[in-house]
Every structure is written in structure tokens, then in C-alpha cells.
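What follows is a single structure, written as C-alpha cells, with notes after it.
The values are calculated or read from the model by the stated rules, or taken from the named source; none is laboratory data. Because the structure is a prediction, the values reported are computed rather than measured. Here the Cβ positions follow ideal geometry from the backbone for every residue, glycine too, while neighbour counts run over all protein chains shown.
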């Protein structure tokens with residue numbers, strides 16, 4: 001958002017990354033918004049400057065809407081969406097803005113998929129529109145057109161025309177060989193970037209071509225394999241960012257961000 005990267009950090013919450021003295025980006029604690037105790041994968045709407053942050057903590061209250069200030073490049077004014085819908089109980093873990101302007105939510109505890117209608121409005125409603133194929137947790141959501149792609153426990157699946165789902169829709173597997181434990185995914189145009197714990201894949205939804213995109217970063221002249229990837233991001237220039245943590249959350253401030261320059265074909 002703006003000229004900075006932002007991260008959903010399990011220990012620090014939703015925070016901005018700033019340049020440090022050695023040129024490496026570092027989390028700026030002064031910018032962290034603590035509304036979501038343990039934030040999952042967020043979604044930003046540049047048209048409204050709202051960023052939507054799911055809280056997957058054990059005491060979650062649901063999904064939060066924050067207002068991004070493009071002048072100060074900070075976030076604030078937290079609003080709990082659809083507060084009477086009880087979304088926190090299933091621990092929302094990822095959100096995606098649909099082409100219909102509504103917000104789609106997945107959870108850690110169940111495979112339910114919920115649509116929050118009018119997320120930018122003063123009041124919202126929430127409705128369960130379907131489930132994942134195995135009815136288990138979904139760690140990533142991304143839209144390509146009207147099709148909603150899911151990173152499930154053991155596969156990448158898709159719900160065709162998700163905005164048209166009223167209720168009872170169920171995702172179907174894509175049969176992507178080699179991707180058996182996806183951790184997250186993100187879309188850029190017709191391209192999906194999909195990560196498991198150590199690899200990033202590139203899937204062309206229009207041609208169904210699947211290729212490995214990246215397996216390691218470079219630091220001080222050495223190739224460093226990814227470990228425990230948990231997040232992907234894209235900037236306005238199309239650069240891909242990969243978040244991993246060698247300690248798998250065992251130690252604070254050990255997460256890393258790697259960049260891949262303009263990988264989209």
C-alpha cells in the first residue's frame with residue numbers, strides 16, 4: 001500500500017515495513033495496528049483505501065476493516081465487519097475482494113466460505129455460500145475474473161463464478177500435480193502464484209500451464225532455500241514478494257521477505 005510493503009505478522013499484528021540502516025526492510029512497530037491479534041492474509045481496496053484483515057487467533061472476533069491514510073501511510077479506524085455474524089468462532093484466516101465488490105472469507109477451523117456483502121458500507125451482512133472440497137481449512141483465496149481459487153489442505157481448487165453462488169457451492173480440484181500441501185496463493189491477471197512451504201509455483205489459468213517459479217532467494221551472494229513459506233504479495237509493478245520463517249513461528253522477528261522481479265509473463 002502506498003510506497004511501502006505491509007505484513008500480517010503473527011506476533012506484531014498488521015505492520016508496515018520500512019528501510020533500515022543496512023538497506024534491508026524491517027518491521028516498524030510504531031505502525032502496527034493491533035485490531036487483529038493474529039492477522040491472516042489481508043486484502044486492500046485502492047478505490048476506498050480500506051484494508052480488510054482477518055484475525056485467526058483463538059479469541060478472534062472476525063474480520064477487521066482498517067482505513068489506510070495515503071499521506072501518512074498508516075492505518076487506523078478499525079471496524080469489525082458484520083459483528084453479529086459470529087465469524088470469529090471459526091477463526092478467519094484469509095480474505096479476497098470479489099469482482100462484485102464483496103469480501104470472501106475462509107477459515108482455519110472449518111471449510112466454510114462466507115461472503116460479506118458491502119464491506120465498505122456502514123453496515124454489512126454475512127452469508128455462507130459454500131465449502132472447500134474437503135470441508136477443511138482454507139489457507140488462501142484469490143480471484144481470477146469471477147472464479148475463486150482456494151489453497152486447501154492438500155490441493156488447489158476452484159469455485160466457478162463465485163459471485164453467483166447463493167449457497168451450497170463446493171470447490172472442485174484442479175489436479176495440479178506436485179502441489180500437495182499448498183500454503184497460500186495470490187493472483188496477477190490470469191496467473192496464479194502458489195506456494196507450498198519451500199517452493200513457489202506459477203499457474204496460467206488460461207492455458208493450464210504449471211511451472212516452478214522460485215525455490216530460493218539470494219543473500220550476501222549465496223542462494224538461500226525458502227523455509228516455511230506462509231505469505232505471498234505483489235506490488236503495483238508486478239514484483240512478487242515471498243514471506244517465510246526458518247523457525248516456523250518458534251521465534252519472534254525471524255520472518256523474511258524475498259522479492260522476485262516482475263515474474264508475471
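Listed by first and then second residue, the pairs with beta-carbon distance under 9 Å, at least 6 apart or on different chains, first residue in the range 25-52 and at positive phi, second in a strand (DSSP E or B) and modelled with pLDDT of 95 or more, are 49/67; 49/68; 49/69. Tell me, yes or no, whether the range 151-164 has at least one residue that is assigned to a strand (DSSP E or B), under 19 Å from the mean Cα position of the chain (by Cα) and within 26 Å of residue 3 (Cβ to Cβ). No, there is no match, as no residue in the range 151-164 is assigned to a strand (DSSP E or B), under 19 Å from the mean Cα position of the chain (by Cα) and within 26 Å of residue 3 (Cβ to Cβ). Here is the figure for the range 212-261: residues that are exposed (fewer than 12 other Cβ atoms within 10 Å of the Cβ) and closer than 19 Å to residue 2 by Cα total 3.
Examine the range 200-207 for a residue that is within 30 Å of residue 22 (Cβ to Cβ) and in contact with a strand residue (DSSP E or B) (Cβ under 9 Å, 6 or more places away or on another chain), and state whether such a residue exists.
Taking every residue of the range 200-207 in turn, at least one turns out to be within 30 Å of residue 22 (Cβ to Cβ) and in contact with a strand residue (DSSP E or B) (Cβ under 9 Å, 6 or more places away or on another chain).
I'd like to know if the range 122-131 contains one or more residues that are crowded, with 16+ Cβ neighbours inside 10 Å, in a strand (DSSP E or B) and free of Cβ contacts under 8 Å to residues at least 40 places away in the same chain. Among the residues of the range 122-131, at least one is crowded, with 16+ Cβ neighbours inside 10 Å, in a strand (DSSP E or B) and free of Cβ contacts under 8 Å to residues at least 40 places away in the same chain, which makes the answer yes. Scanning the range 58-78 for residues that are surrounded by 17 or more Cβ atoms within 10 Å (Cβ to Cβ) and either over 18 Å from residue 120 (Cβ atoms) or more than 19 Å from the chain's Cα centre (by Cα) (or both) yields a count of 3.
Scanning the range 81-111 for residues being surrounded by fewer than 18 Cβ atoms within 10 Å (Cβ to Cβ) and not in a loop (DSSP other than H, G, I, E, B) gives a total of 1.
Each residue in the range 14-38 was checked for being surrounded by 14 or more Cβ atoms within 10 Å (Cβ to Cβ) and within 15 Å of residue 76 (Cβ to Cβ), and 9 of them qualify. If I filter the range 114-132 for residues that are at pLDDT 95 or above and within 14 Å of the chain's Cα centre (by Cα), do I get at least one hit? No, there is no match, as no residue in the range 114-132 is at pLDDT 95 or above and within 14 Å of the chain's Cα centre (by Cα).
The sole residue among 209, 183 that is surrounded by 14 or more Cβ atoms within 10 Å (Cβ to Cβ) and on the phi < 0 side of the Ramachandran plot is 183. On inspection, residue 148 qualifies as under 17 Å from residue 93 (Cβ atoms), in contact with a helix residue (DSSP H, G or I) (Cβ under 6 Å, 6 or more places away or on another chain), at pLDDT 95 or above and in a strand (DSSP E or B).
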